[in-house]
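Everything below concerns the one structure shown next.
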Amino acid sequence: MHYEKQTETPFKADIITWRGMMTKLMTAPFERFDGFEMRATVFQGTIFIEEDHEAKMRHNSRNNSRPGPEGIPNDMYAYWGYKFESLCLIPDTWDATSRDYIEGRESHVVSNKAQYCSIVRTGIGPISMIMGGEVDAVWDQKPEDPSEPINYLELKTAQTPESELDEVKFERKLCRMWAQSFLLGVPKLIVGFRSRNGILQSTAEFKVRDIPGMVKRRRQTWDGNLAIKFLEHVLHFLKETIRGDGVWSIRRGAKGGRTIEVMKIESKGTGGILSEEFLRWRMELQAKEVAKMLGG
């Protein structure tokens, strides 16, 4: 909305959403365990999609304290990820960061608040999108010219593969890592490999564009082209289905659910997906456009 107020021009797109929602749809053909629940509404010809926050809170309350496949609580995995970020990142360029900060990163308190939010205008096939998402870091520094692309970087962690089965698990996990980076145009991914007890053992750097080819040459556990094509078909279906006033649910059951269900759950309103401030602004902008047309 800040950009729209600066330009007094509304964003035009078929879909406005978050990167996380598109990642879940894009990787659905290859995801065997995790389900999802989203909500959607239409306003002025654009579909807005967001997480079903109540469903996510219920899921998190059930799962965060449960042991994962290695017998470790799931929220500990999240902590390890944030700790890896704190070891890798500095708040400014190398020459502008103090030696004390650089050498003291191992003892820094972990935070999940520092991050970039990237907003991109993109498209999948004929479907135009505006999409936002959190990005971990910049590889060097942000360019002074805002029109220049930012050399973003994603940081992830994974267990060090110790067997053929571990290799397959990592390759499957790489599908989500690739999709997250691909959707926002992030060119580079660094993975920190850890022991079963969370001790960092090694790192590996991947060019995002090369990951699907690497998987194809190995175990072929997923296909990047198929993921993109699947997302295109789903978005086309949503564009044809989600019309008029009201709120829709987009969901897929966990643990083997193979069907993505789209159903209308509220006949009126936007279900809180759009803020009152945004709705007022868009109506004001529309009134200005009508007045300009009549005056012309």
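The values are calculated or read from the model by the stated rules, or taken from the named source; none is laboratory data. Since we're looking at a predicted model, the values are computed, not measured. When we count neighbours, we look across all protein chains shown, and the Cβ atoms used for this are built from the backbone with ideal geometry, even at glycine.
A few comments on the model shown:
- Among the residues of segment 266-296, those identified as touching a Gly at 6+ places or on another chain (Cβ under 8 Å) and either in a helix (DSSP H, G or I) or loosely packed, with under 12 Cβ neighbours inside 10 Å (or both) are Ser267, Lys268.
- Looking at Ser98, Ser61, just one residue is surrounded by fewer than 15 Cβ atoms within 10 Å (Cβ to Cβ), polar (S, T, N, Q) and at pLDDT below 85, and that residue is Ser61.
- Total residues in segment 210-227, condition under 13 Å from Ala179 (Cβ atoms) and surrounded by fewer than 14 Cβ atoms within 10 Å (Cβ to Cβ): 2
Results for (1) surrounded by 16 or more Cβ atoms within 10 Å (Cβ to Cβ); (2) within 15 Å of the chain's Cα centre (by Cα); (3) of a type in the set (S, T, N, Q), shown as yes or no for each residue.
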residue	(1), (2), (3)
Glu103	no, no, no
Val135	yes, yes, no
Glu162	no, no, no
Glu167	no, no, no
Phe170	yes, no, no
Ser181	yes, yes, yes
Ile199	no, no, no
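- Test: residue in segment 96-117 that is part of a helix (DSSP H, G or I) and under 19 Å from Ile150 (Cβ atoms): yes
For (1) within 24 Å of Ser128 (Cα to Cα); (2) within 21 Å of the chain's Cα centre (by Cα), each residue gets a yes or a no:
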{"position": "Pro212", "(1), (2)": "yes, yes"}
{"position": "Lys229", "(1), (2)": "yes, yes"}
{"position": "His233", "(1), (2)": "yes, yes"}
{"position": "His236", "(1), (2)": "yes, yes"}
{"position": "Asp245", "(1), (2)": "yes, no"}
{"position": "Ile250", "(1), (2)": "yes, yes"}
{"position": "Gly253", "(1), (2)": "no, yes"}
{"position": "Met263", "(1), (2)": "yes, no"}
{"position": "Ser267", "(1), (2)": "no, no"}
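- Within segment 17-34, considering residues that are assigned to a helix (DSSP H, G or I) and among the basic types (Lys, Arg), the one farthest from Ile273 (Cα to Cα): Lys24
- When residues of segment 85-95 are limited to those that are part of a helix (DSSP H, G or I) and under 21 Å from Arg194 (Cβ atoms), the one farthest from the chain's Cα centre (by Cα): Leu87
- Residue among Gly20, Gly35 that alone is out of contact with any Lys or Arg (no Cβ under 9 Å at 6 or more places or on another chain), among the small types (Gly, Ala, Ser) and either modelled with pLDDT of 95 or more or surrounded by 12 or more Cβ atoms within 10 Å (Cβ to Cβ) (or both): Gly20
- Evaluating Lys12 against the criteria (1) basic (Lys, Arg); (2) touching a His at 6+ places or on another chain (Cβ under 9 Å); (3) at pLDDT below 95 leaves one unmet condition, (2).
- Meets criteria (in a strand (DSSP E or B), farther than 30 Å from Gly272 by Cβ and at pLDDT 85 or above) for Thr157: yes
- Look at segment 237-260: where a residue is part of a strand (DSSP E or B) and a partner is among the polar types (S, T, N, Q), sitting 6+ places away or on another chain with Cβ atoms under 9 Å, you get Val247/Thr41; Val247/Ser267; Val247/Thr270; Trp248/Thr41; Trp248/Thr241; Arg252/Thr259.
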